[in-house]
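Engineer: What follows is a structure written as structure tokens; I'll ask about it next.
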Amino acid sequence: MAKLLIALFLMFLSFFNMAAHGAQVPESGRWRPQDMDPRIAPGSGFRLLPLSDEMTKAKLIPDGVTGAGDPPCDDTSACTFDLFSFKGEAFDLNQRERKNILFIAGGPGQFVEENESFNAALNALAAGVDVNGRHNILYFHVRGAGRSPIDPNNQKDRFLRARFVVEDIELLRKRILVDKPWDAIYAHSWGTVVAQLYAAKYGTKKNPSGEFPMVKSLILSGPVVRNRPETLNARIDMTISNLGKIYNYYRPNGDCTFPVGALYLKDRIADFATNPQGFGREDLDETDNLCFVGKERIPEITKTVKNILTDLEKDYGSLDFVIENFEALEKDRVFTAQFKSPLEFFVALRGLQLSGAPAQNGLVFTEDTKNMINNALVVAYYLSPALPQNLERRQCESNEQFMPGVRAGMRKKYCDRLMVVKKKFLGAESPLSGKLESRRDKYVFGVYDGVARWVFNMLDVEQGCFTGLDLKNFANARSSSTDKKKHVREIAKKIGIVPKERVCGWSPGGKNAHSVPTLILKGTADAIVAGCQAEDWYNDGLKGERVLLEFPGVGHDMSIGNQRIGSAPLDQTQSFADVIEQFIVMAQTQQQSQFVSKVKPKLEFLKAEEKKPGPSCNPLQPID
């Protein structure tokens with residue numbers, strides 16, 4: 001208690017001194033507490049959490065790291081932060097047979113809720129389905145996110161770089177594992193950037209921390225690359241392809257009928273069940289059927305969506321940016337004249353980018369089905385030419401024009417579902433709020449690690465690179481009421497600038513390449529990594545043993561674990577975890593060459609395949 005009171009006093013004194021001596025920066029140069037942890041209520045000030053064993057004192061500039069820009073940071077309290085980490089279920093270092101696995105979340109800036117997990121597969125690795133305790137999983141909140149906040153002054157943004165997170169991870173290893181290495185690092189999306197840099201530095205026998213490698217294997221889920229500009233168009237094309245597949249899959253063969261309980265899906269859904277037996281998942285019903293969207297309308301809808309996505313990326317940065325700043329954009333006459341749809345429409349489009357699409361040769365689950373149909377239903381509704389243009393007052397129009405061939409009772413059920421989905425998309429249960437995220441980290445890491453596409457779209461730069469000065473010039477350029485980029489400029493003004501820092505689109509190759517055994521997990525319907533990104537990792541970023549596994553129809557969240565536990569003869573969640581576990585074990589015994597044959601039955605059950613991409617992968621090849 002005494003420590004907590006002292007910490008509270010020191011924090012208050014720090015902020016008082018800043019204000020008293022004129023050091024407090026203007027609002028545009030300062031991040032809010034909720035910009036780092038959305039769980040903090042606006043206006044409540046920085047939440048000071050109790051000191052605990054889960055906190056590690058870390059330096060903003062770790063020892064031996066350079067290139068943070070001026071001014072340098074010293075060893076005072078202003079240049080340190082509390083790095084938060086927590087242990088997964090049944091964590092026990094005394095159990096020698098267990099593997100020690102670190103998880104790095106994506107985003108950038110996403111973090112896992114304390115005492116929770118990223119996905120069902122990690123839960124299975126931590127505890128298993130039928131046993132108490134399996135492997136040790138460690139989670140942490142990246143600097144500037146969640147319970148690892150840093151000084152809100154945007155001058156400290158210079159310390160938000162993936163290469164600094166690498167040193168935070170090494171600090172956690174020394175503190176928690178002491179003289180042991182990570183048996184594996186499991187990284188997702190942007191987290192793969194950090195994992196790659198860590199492996200390049202600490203995955204060799206001669207590394208700054210000692211004689212032996214500090215990480216023995218990597219699991220990379222949905223790895224990203226940004227040095228190919230074509231990947232933006234590839235993302236849009238795959239989003240459109242996914243939407244078309246959803247409309248064509250979720251409809252009975254033959255006439256447009258609405259069987260009770262969506263029985264037509266019985267042979268298409270891996271965890272189909274007429275009686276969920278209390279598993280807590282939504283059951284399938286008659287509205288899980290999109291046959292009223294006539295096949296002749298599908299090309300029209302997908303063409304319109306492609307035009308919308310193309311225009312948004314060009315003028316407003318990204319779908320994510322539009323959703324996050326929609327309150328301001330809906331007051332902008334230039335924006336509303338071009339895009340007439342409400343917020344839930346854009347949330348649905350973003351959901352399509354993340355959720356994947358059903359595949360005839362893949363696994364399709366009930367929860368994913370619900371999400372995909374919700375997104376496609378909202379898109380079809382708001383692009384219906386039969387609807388009125390008064391979007392602010394619009395309610396579901398359960399008329400024959402929107403749902404041809406659907407009886408009145410069923411039209412009402414669809415309208416009821418639309419209203420529920422709208423409330424979900426706009427509320428706390430939004431599919432975009434499912435993962436906690438630091439807004440500050442998303443923009444700062446995204447820009448300076450070279451993974452945010454919007455900055456390359458907005459800046460007129462050559463050779464795919466820019467400097468901090470380029471970003472500053474863009475932010476401060478003269479703007480007008482008709483400037484479509486003015487909203488993005490306001491965000492750019494909040495990001496701390498290091499004028500001479502040069503940033504290029506992220507590539508895992510060159511000096512970042514390494515020889516640590518690596519397993520790449522890719523969903524074939526993952527629009528975020530479309531355009532040969534996983535293949536570029538395989539070919540350019542890895543010099544040692546590596547395996548690329550493709551999962552048909554899976555999106556960016558790699559949702560192999562979304563089904564009801566125990567609903568199949570062999571549980572898919574546990575099988576997915578077993579594949580990961582087997583790679584970690586065989587990487588340590590140098591038996592990676594036998595890995596695929598060892599897990600072949602499980603891969604067949606998961607409908608997954610090994611791919612060995614050649615060097616000539618075409619990022620713009622047509623999508624089926």
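Engineer: From 210, 203, which residue is of a type in the set (Gly, Ala, Ser), surrounded by fewer than 19 Cβ atoms within 10 Å (Cβ to Cβ) and closer than 22 Å to residue 584 by Cα?
Structural biologist: Within the list 210, 203, the selection yields 210.
Engineer: Could you pull out the residue among 206, 201, 216 that is within 30 Å of residue 543 (Cα to Cα), free of Cβ contacts under 8 Å to residues at least 60 places away in the same chain and touching a helix residue (DSSP H, G or I) at 6+ places or on another chain (Cβ under 8 Å)?
Structural biologist: After applying the criteria, what remains is 201.
Engineer: Among what's in region 87-111 and is within 19 Å of residue 198 (Cα to Cα) and outside any loop (DSSP other than H, G, I, E, B), pick the residue that is farthest from the chain's Cα centre (by Cα).
Structural biologist: Restricting to residues being within 19 Å of residue 198 (Cα to Cα) and outside any loop (DSSP other than H, G, I, E, B), the top hit is 100.
Engineer: Considering only residues that are under 33 Å from the mean Cα position of the chain (by Cα) and crowded, with 21+ Cβ neighbours inside 10 Å, which ones fall in region 241-259?
Structural biologist: If the condition is that a residue be under 33 Å from the mean Cα position of the chain (by Cα) and crowded, with 21+ Cβ neighbours inside 10 Å, then 242, 243, 245, 246, 247, 250 are the ones that fit.
Engineer: Also, quick follow-up: Does residue 252 satisfy being over 24 Å from residue 524 (Cβ atoms), touching a helix residue (DSSP H, G or I) at 6+ places or on another chain (Cβ under 6 Å) and either modelled with pLDDT of 90 or more or not in a helix (DSSP H, G or I) (or both)?
Structural biologist: The answer is yes for residue 252.
Engineer: Here's something else I'd like to know. Within region 436-458, track down each residue that is modelled with pLDDT under 90 and either assigned to a helix (DSSP H, G or I) or surrounded by fewer than 17 Cβ atoms within 10 Å (Cβ to Cβ) (or both).
Structural biologist: Correct list: 453, 454, 455, 456, 457, 458.
Engineer: Any residue in region 399-415 that's exposed (fewer than 12 other Cβ atoms within 10 Å of the Cβ): show its pairings with residues that are at pLDDT 80 or above and among the acidic types (Asp, Glu) at Cβ separation under 6 Å, as long as the two are six or more apart or on different chains.
Structural biologist: none
Engineer: Something else: Go through region 284-315 residue by residue and tally those that are over 14 Å from residue 373 (Cβ atoms) and part of a loop (DSSP other than H, G, I, E, B).
Structural biologist: Looking only at that region, the number is 4.
Engineer: Within region 486-507, is there a residue that is in contact (Cβ under 8 Å) with a residue 12 or more places away in the chain and under 30 Å from residue 586 (Cβ atoms)?
Structural biologist: yes
Engineer: Condition first: in a helix (DSSP H, G or I) and modelled with pLDDT under 95. Now tell me which residues in region 152-162 satisfy that.
Structural biologist: Selection gives 154, 155, 156, 157, 158, 159.
Engineer: Now for a separate question. How do the pairs read when you match residues in region 260-277 that are surrounded by 15 or more Cβ atoms within 10 Å (Cβ to Cβ) and assigned to a loop (DSSP other than H, G, I, E, B) with residues anywhere that are among the basic types (Lys, Arg) and modelled with pLDDT of 70 or more, using Cβ under 8 Å and keeping only pairs 6 or more apart or on different chains?
Structural biologist: 272/266
Engineer: Also, quick follow-up: Given region 559-624, what helices (runs of 4 or more DSSP H) lie entirely inside it while holding 2 or more residues that are at pLDDT 90 or above and within 24 Å of the chain's Cα centre (by Cα)?
Structural biologist: Counting at least 2 such residues, we get 572-588.
Engineer: Only one of 332, 315, 311 is surrounded by 13 or more Cβ atoms within 10 Å (Cβ to Cβ), more than 23 Å from residue 229 (Cα to Cα) and out of contact with any Phe, Trp or Tyr (no Cβ under 7 Å at 6 or more places or on another chain); which?
Structural biologist: From the options 332, 315, 311, the qualifying one is 332.
Engineer: Let me ask another. Could you figure out which of (1) touching a helix residue (DSSP H, G or I) at 6+ places or on another chain (Cβ under 7 Å); (2) surrounded by 22 or more Cβ atoms within 10 Å (Cβ to Cβ) isn't true of residue 298?
Structural biologist: Here residue 298 meets the rest and fails (2).
Engineer: Looking only at region 379-395, count every residue that is at pLDDT below 75 and either farther than 14 Å from residue 293 by Cα or crowded, with 16+ Cβ neighbours inside 10 Å (or both) and tell me the total.
Structural biologist: 9
Engineer: Next up: Return a yes/no flag: does region 134-141 have any residue that is surrounded by fewer than 23 Cβ atoms within 10 Å (Cβ to Cβ) and either modelled with pLDDT of 95 or more or in contact with a Cys (Cβ under 8 Å, 6 or more places away or on another chain) (or both).
Structural biologist: Looking for residues that are surrounded by fewer than 23 Cβ atoms within 10 Å (Cβ to Cβ) and either modelled with pLDDT of 95 or more or in contact with a Cys (Cβ under 8 Å, 6 or more places away or on another chain) (or both), one finds none in region 134-141, hence no.
Engineer: Further, regarding this structure: Among the residues in region 336-343, are any out of contact with any Leu (no Cβ under 7 Å at 6 or more places or on another chain), over 17 Å from residue 238 (Cα atoms), of a type outside the set (Ser, Thr, Tyr) and in a helix (DSSP H, G or I)?
Structural biologist: yes
The values are calculated or read from the model by the stated rules, or taken from the named source; none is laboratory data. Nothing here was measured: the structure is a model prediction, and the numbers come from that model. Glycine also receives a Cβ, built like all others from the backbone with ideal geometry; neighbour counts cover every protein chain displayed.
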